[in-house]
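As structure tokens, the structure follows; a few thoughts come after it.
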Amino acid sequence: MWYAKPGMVARFLRKRYGAALIVLCSATACRNEIVPPAVPLDFTVSAGLVDGSRLPVSIEERPGTINHLTLYRLTMTPDGLWSAVIARYPDGALDTDLVEIQDNGWYQFDGVELSMHSSFTHSDWSGSIKNDTITASVKLPFADSYHTIVLP
């Protein structure tokens, strides 16, 4: 029987098939590690408030750079995955010059506490669901800091 030395298979795959195969294998492995939430969620909802203000709101992307957030629509599925559509336009542009951003990731929910992970920003978010309202601290793909979003 033949045994490969540690790292030998990875070197062979990298040499033979390039980084694309390793990225594909990594993405597949990550997807298989997602554990369905204790309490599955299944809905689509749009943000009502961001940092206490109704949309559209102005958010500082970086010091001196302002964006106007006009939409944050969140979809959560029972398998523990979520996706969001975010629309914004830069300060000084027309509100018709919207830029749409899509984000996604996985979540865990135990009936009270909500934990989310963003694939776009590679950040972890925390929140809660009470009655029909989600309150979460999220890192928007175009902002440097976390913002509180309320989804009624």
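Rule-based calculations on the coordinates, nothing more; no lab input. Predicted model, so just to flag it, every value in this text is computed and none were measured. Virtual Cβ from ideal backbone geometry, glycine too; neighbours counted across all protein chains shown.
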Using Cα-only point scatterers and the Debye equation, what is log10 of I(q)/I(0) for the stretch 43-151 at each q in 0.12, 0.21 Å⁻¹, rounded to two decimals? -0.38, -1.16
Enumerate the residues in the stretch 68-93 having an amide nitrogen under 19 Å from the point lying 7 Å beyond the Cα of V35 toward its Cβ. 77-82
